[in-house]
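Notes for the one structure printed next.
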Number of protein chains: 2
Amino acid sequence: MGLSSDFFKRLKQWQDFVNQGLAKLVPVLSGQASRLTDAMHYSLMAGGKRLRPILVFAGAEALGERPEPLLPVACAIECIHTYSLIHDDLPAMDDDDFRRGKPTCHKAFDEATAILAGDALLTHAFRLLAHEDLETLFPAERIFRLWRLISEAAGLFGMVSGQMADLLAEGRPVSREELYFIHHHKTAALIRASVLAGAILCGASPAAEKALSDYGWKVGHAFQIVDDILDIVGDEKTLGKPVGSDLEKKKATYPALYGLERSRQEARRLLEEAIQSLQVFGPSADFLRDIAYYILERKL
Amino acid sequence: MGLSSDFFKRLKQWQDFVNQGLAKLVPVLSGQASRLTDAMHYSLMAGGKRLRPILVFAGAEALGERPEPLLPVACAIECIHTYSLIHDDLPAMDDDDFRRGKPTCHKAFDEATAILAGDALLTHAFRLLAHEDLETLFPAERIFRLWRLISEAAGLFGMVSGQMADLLAEGRPVSREELYFIHHHKTAALIRASVLAGAILCGASPAAEKALSDYGWKVGHAFQIVDDILDIVGDEKTLGKPVGSDLEKKKATYPALYGLERSRQEARRLLEEAIQSLQVFGPSADFLRDIAYYILERKL
């Protein structure tokens, strides 16, 4: 077991495909509101590794479906992810000056522009989910399910609640249940929705859908644990932000509650279980398997 | 010509209907993220007059359709409107402490909670637009058109661009074209989308759709001009915020560019034209006509 030999090549191909999609599907305005789309594209193109959109493609591939038609969905989810980073970095939230080695949106522009760029990215994500090509290619009832999946994963049933709980947990001891709630909502919900998007649009069987959902939750939790670990032991250049910033902000993290060694074990266990969830699939799910391995080494 | 005798009664009935809808369709969470939904409901229930959702109903009524099934759409648009107010009031944006006589969301809670409450309201709006009842009642292709209408009116093709342009125009002279851009995007786009939502879902004829769209643009522009006028001559108790705050912030306003008298004339002219747009409709459009009259007196 280990990474497929062409994994990095495939990763790069899909990253390029997402980048081209974002350039095509997120408009650039001229005139009075050009600053808005400048800020949106600044953050969209600030070096994201495109994990979530790539999971959209990998989920479709596992089902034996062509991933390319899912491009508007993949870009919509990356817009949602990017908006969440812009708002999380704001002074009133995590107050971060750098992300991926570049000034955060409110540093490169200003706070008001960053708030609006986030708002516009979130709104545009739903414009992309109503893309004319999706309407042509997929049955309407599946598109409705996709809308519900993503609006729930991104909103008060998911990511935004996770961020609220995360902020409220700062600077005080949290229980294991509280930490699980934060990871589950803040990170895992949107990652799981990404993996599941293709299954819903392509009409996967209930068993296949369940497998991808399980994989998505486990990869989502593992990803956040690895993220927390890297904040302690990572290298500043790779992280693109100061090491130890969670500690400094007294963030609720997995290593703070369980220690580094148990955190590593838990991430490994979750990723092994994620791969086990994929047993219903043959080699078509190899890219999903590779992504799980890769998250443990985590340059994604 | 003048307001129908039962206008205020009908207005109140629809306001109550919207308020009940919001209470039913926007969840209240318990536990770690309860603060999020507390803040959302605080702003949703802070005395809004429900102009936009009522326009959704009035648009359907003009077509001879039952407005009640449009409740999720009406509530979605009110969620979008409320999110935009919460974010506009933030210290980095308009920095307002009061709205409708109550502390703004970031004053009643805090900035981070207000940012997240806005994000969650916007996301939940799209969850409501994918409401199961809409899927049951209306043909899918109309719902897709509605999604595109609203995501465009609220996002970078509409409201968010208008707010960006408004902020960038602060403190400097603006041209008439710039002011038109701001009003068109910041205010008129979502008001027009509200009037048009029912037409799109109920399958209005192109002529009826055009009539409602024209009405919506004109009412939208008139509404913003009246808003600008009221900021100068209004009464603080009715406004719920200090009079003259636009002047103080050197906001681009219609009276600043054209003077009060010409602003009043322009609002009147736009509202007369809005009513003329409704000529294709019989008495079924009387509520829309009344709303136009009423905006001139503007307690909405």
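What follows draws every value from the coordinates through simple rules; no lab data is involved. Predicted, not measured: the structure shown is a model, and the values here were computed from it. Neighbour counts are summed over all protein chains in view; Cβ atoms, including those assigned to glycine, are modelled from backbone coordinates with ideal geometry.
For the reader, a short list of remarks on this structure follows.
- Separation between Cα centres of the stretch B:153-230 and the stretch B:1-65, rounded to whole Å: 20
- Listed residues A:ALA62, B:LEU179, A:GLY220: farthest to the positive end of the dipole of the protein assembly as shown (Cβ charges): A:ALA62
- Structure-based [θ]222 nm, the protein assembly as shown - -39500 (n - 2.57) summed over DSSP H runs of at least 4, per residue, nearest 500: -21500 deg cm²/dmol
- In this label model, B:ASP38 and B:LEU296 are separated by 4.6 nm, measuring between points 7 Å along each Cα→Cβ vector.
- FRET efficiency, B:SER284 to A:LYS210 (Cβ-Cβ, R0 51 Å, nearest 0.05): 0.55
- Furthest towards positive pole of dipole, B:LEU85, B:PHE98, B:ALA112, structure part the protein assembly as shown, Cβ charges: B:LEU85
- Spin-label model distance (nm) - B:GLN265 vs B:VAL233, 7 Å beyond Cα toward Cβ: 1.4
- Note, ³J(HN,Hα) from phi for the stretch A:92-99, Karplus 6.51, -1.76, 1.60, rounded to Hz, x at Gly and Pro: 6, 10, 7, 6, 9, 8, 10, 8
- Partner shielding of A:121-134 amounts to 6, given as the average count of beta-carbon atoms from other chains within 10 Å of each residue beta-carbon.
- Other protein chain C-beta atoms within 10 Å of residue C-beta, averaged over B:19-32: 2.
- Out-of-range pairs (alpha-carbon distance over 32 Å; input B:LYS12/B:LYS210; B:LYS218/B:LYS249; A:LYS218/A:LYS249): none
- Around the amide H of A:ARG99, modelled in the peptide plane, lie the amide H atoms of A:THR104, all under 5 Å away and 5 or more residues distant in sequence or on another chain.
- Fewest-first ranking of A:PHE138, A:PHE181, using other Cβ atoms within 10 Å as the exposure measure: A:PHE138, A:PHE181
- The protein assembly as shown - charge dipole about Cα centre, Lys and Arg +1 at Cβ, Asp and Glu -1, debye rounded to 20: 320
- Distant alpha-carbon pairs in the stretch B:7-297 (separation over 24 angstrom), percent: 50
- Each label point was placed 7 Å from the Cα along the Cα-to-Cβ direction; for A:ARG142 and B:SER175 their separation is 4.9 nm.
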